[in-house]
1. How many residues does the stretch 21-71 contain that are among the β-branched types (Val, Ile, Thr) and modelled with pLDDT under 95?
2. What are the pairs with Cβ atoms under 7 angstrom where one residue, in the stretch 94-115, is on the phi > 0 side of the Ramachandran plot and the other, located anywhere, is open to solvent by less than 40 Å² (accessible area, probe 1.4 Å) and part of a strand (DSSP E or B)? Sequence gap at least six, or different chains.
3. Which residues, taken from the stretch 60-115, are open to solvent by less than 40 Å² (accessible area, probe 1.4 Å), within 16 Å of Pro41 (Cα to Cα) and either out of contact with any strand residue (DSSP E or B) (no Cβ under 8 Å at 6 or more places or on another chain) or of a type in the set (Val, Ile, Thr) (or both)?
4. Among the residues of the stretch 67-90, which ones are on the phi > 0 side of the Ramachandran plot and free of Cβ contacts under 8 Å to residues at least 60 places away in the same chain?
5. If you scan the stretch 34-59, which residues turn out to be touching a strand residue (DSSP E or B) at 6+ places or on another chain (Cβ under 8 Å), without any contact (Cβ under 8 Å) to a residue 24 or more places away in the chain and of a type in the set (Ser, Thr, Tyr)?
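The values are calculated or read from the model by the stated rules, or taken from the named source; none is laboratory data. Predicted model only: the values in this text are computed from it and were never measured. As a convention, Cβ positions derive from the backbone with ideal geometry for all residues, glycine included, and neighbour counts pool all protein chains shown. To get the accessible areas, we keep the full protein, side chains included, count just its heavy atoms, and leave off ligands, DNA and RNA. Shrake-Rupley method; radii C 1.70, N 1.55, O 1.52, S 1.80 Å.
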Amino acid sequence: QVQLVESGGGLVQPGGSLRLTCVPSESIFNFAAMGWYRQAPGKQRELAAIITIGGSTTYTDVVKGRFTISRDNAKNTVYLQMSSLKPEDTAVYYCSTTVDLRTIWGQGTQVTVSS
């Protein structure tokens with residue numbers, strides 16, 4: 001069973017930055033793509049960003065220009081650099097990938113944007 005371990009969440013003021021980290025239990029090259037999703041209280045989980053094995057990236061409109069997803073193959077790690085954070089970015093952020101048509105989720109990391 002693949003495991004994804006996230007870290008890096010916390011409390012940050014509006015306009016601040018955070019970097020989330022996701023480390024899979026297997027080689028990052030085993031996955032065609034990895035993504036970051038988020039779920040705010042009372043809302044459905046939504047995609048924030050995806051990065052493919054080839055390095056192509058996709059962002060949801062509300063985070064474009066503020067968030068950057070990247071991967072460090074040598075460290076077997078996927079990052080989500082978040083800048084210009086807004087209170088509406090407050091959510092639990094989940095790392096995710098697909099294995100044999102099954103979606104795998106990490107345990108999530110809380111990001112709270114508040115003054």
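1. Residues that pass the stated criteria total 2.
2. Cβ pairs passing all conditions: Gly108/Glu6; Gly108/Val92; Gly108/Tyr93; Gly108/Tyr94.
3. Those that are open to solvent by less than 40 Å² (accessible area, probe 1.4 Å), within 16 Å of Pro41 (Cα to Cα) and either out of contact with any strand residue (DSSP E or B) (no Cβ under 8 Å at 6 or more places or on another chain) or of a type in the set (Val, Ile, Thr) (or both): Thr90, Val92, Thr109, Val111, Val113.
4. Result: Asn76, single match.
5. Answer for the stretch 34-59, where residues must be touching a strand residue (DSSP E or B) at 6+ places or on another chain (Cβ under 8 Å), without any contact (Cβ under 8 Å) to a residue 24 or more places away in the chain and of a type in the set (Ser, Thr, Tyr): Thr52, Thr57, Thr58, Tyr59.
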